[in-house]
Amino acid sequence: MESIKKYVAEFIGTFVLVFAACGTAAALGCKTSEVNAAYMLTALAFGLVIVAMAYSIGNISGCHINPAVSLGVLISGKMSAKDFCGYVISQFLGGIVGAFCIGVVLGFDCGFGANGLYNGNITLSVFVEVLLTFIFVLAILGVTSKPEFSNVAGIVIGLTLTLVHIFGIHFTGTSVNPARSFASAVFAGGEALANCWVFIVAPLIGGALAALVWKFLAAPESK
């Protein structure tokens with residue numbers, strides 16, 4: 001029963017992330033090539049969702065709401081393979097329902113805040129997404145590593161997600177989250193769906209690298 005509660009929490013959290021944050025991008029017409037109010041508000045929306053969810057479902061599931069984060073936690077040895085599978089399935093399903101609700105509210109031609117390649121360049125887009133996800137997941141692993149950080153963890157994680165969005169929206173729309181990208185791409189279709197694999201693979205690589213680096217940094221030195 002405890003595992004089911006965790007999976008439900010991850011479903012809800014990812015639903016809120018996609019509906020509220022991707023919905024903000026879609027509603028305001030955020031463009032990756034133009035820094036304006038919509039650009040900044042979209043970055044802020046992603047960060048605020050994380051803060052809200054961290055302090056509501058964080059004590060239940062840890063508030064991963066992102067397969068790249070779950071992969072990092074798995075590699076760092078803080079969750080089981082069974083829970084990892086349950087989390088990822090719940091995250092993808094929550095994201096899809098969130099994107100569907102965006103379509104209901106804004107219409108199914110709204111773009112859904114989908115990600116896109118930077119100037120059609122796959123290599124550069126992968127590079128940006130790997131680096132941004134690495135930064136995000138490393139911050140999560142660090143701030144959740146000690147109980148004394150628990151009171152501020154949600155704020156730190158939310159601000160870090162805002163940071164990577166402020167930088168990354170210009171390039172790819174900022175994914176750092178396979179579930180968020182897949183959900184938007186399914187309904188946006190076209191190039192967004194065709195290139196969606198980039199925004200699944202790259203964040204997973206970034207999350208895995210962050211976990212490996214964190215394990216190295218946090219490992220006690222042998223005497």
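The values are calculated or read from the model by the stated rules, or taken from the named source; none is laboratory data. These numbers come from a predicted model, not from an experiment. Positions of Cβ are backbone-derived with ideal geometry, glycine not excepted, and every protein chain shown enters the neighbour counts.
Tabulated values for the structure
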quantity: In the stretch 145-162, residue modelled with the highest pLDDT [restricted to those that are part of a helix (DSSP H, G or I) and surrounded by fewer than 12 Cβ atoms within 10 Å (Cβ to Cβ)]; calculated: V152
quantity: Residue list for the stretch 137-162, restricted to those being of a type outside the set (V, I, T) and under 22 Å from A26 (Cβ atoms); calculated: G158, L161
quantity: Pairs where the first residue, in the stretch 145-171, is without any contact (Cβ under 8 Å) to a residue 24 or more places away in the chain and among the polar types (S, T, N, Q) and the second is surrounded by 14 or more Cβ atoms within 10 Å (Cβ to Cβ) and outside any helix (DSSP H, G or I), C-beta under 8 Å, 6+ apart; calculated: S150/T144
quantity: Within the stretch 174-216, considering residues that are farther than 22 Å from F108 by Cα and among the β-branched types (V, I, T), the one farthest from the chain's Cα centre (by Cα); calculated: V213
quantity: Matching entry among A192, A179 (being in contact with a Phe, Trp or Tyr (Cβ under 6 Å, 6 or more places away or on another chain), assigned to a helix (DSSP H, G or I) and of a type in the set (A, V, I, L, M)); calculated: A179
quantity: Residue match in the stretch 88-104 (condition: farther than 21 Å from L41 by Cα, surrounded by fewer than 16 Cβ atoms within 10 Å (Cβ to Cβ) and out of contact with any Phe, Trp or Tyr (no Cβ under 9 Å at 6 or more places or on another chain)); calculated: yes
quantity: Filtered residue count, the stretch 98-113, keeping only those that are under 15 Å from V16 (Cα atoms) and either among the charged types (D, E, K, R) or in a loop (DSSP other than H, G, I, E, B) (or both); calculated: 2
quantity: Qualifying positions in the stretch 53-84 - small (G, A, S), surrounded by fewer than 18 Cβ atoms within 10 Å (Cβ to Cβ) and closer than 24 Å to V97 by Cα; calculated: S56
quantity: Qualifying residue in the stretch 33-49 (condition: buried (at least 18 other Cβ atoms within 10 Å of the Cβ), of a type in the set (F, W, Y), closer than 20 Å to F167 by Cβ and out of contact with any Phe, Trp or Tyr (no Cβ under 7 Å at 6 or more places or on another chain)); calculated: yes
quantity: Scope the stretch 128-149; condition among the aromatic types (F, W, Y) and under 18 Å from I166 (Cβ atoms); matching residues; calculated: F134, F136
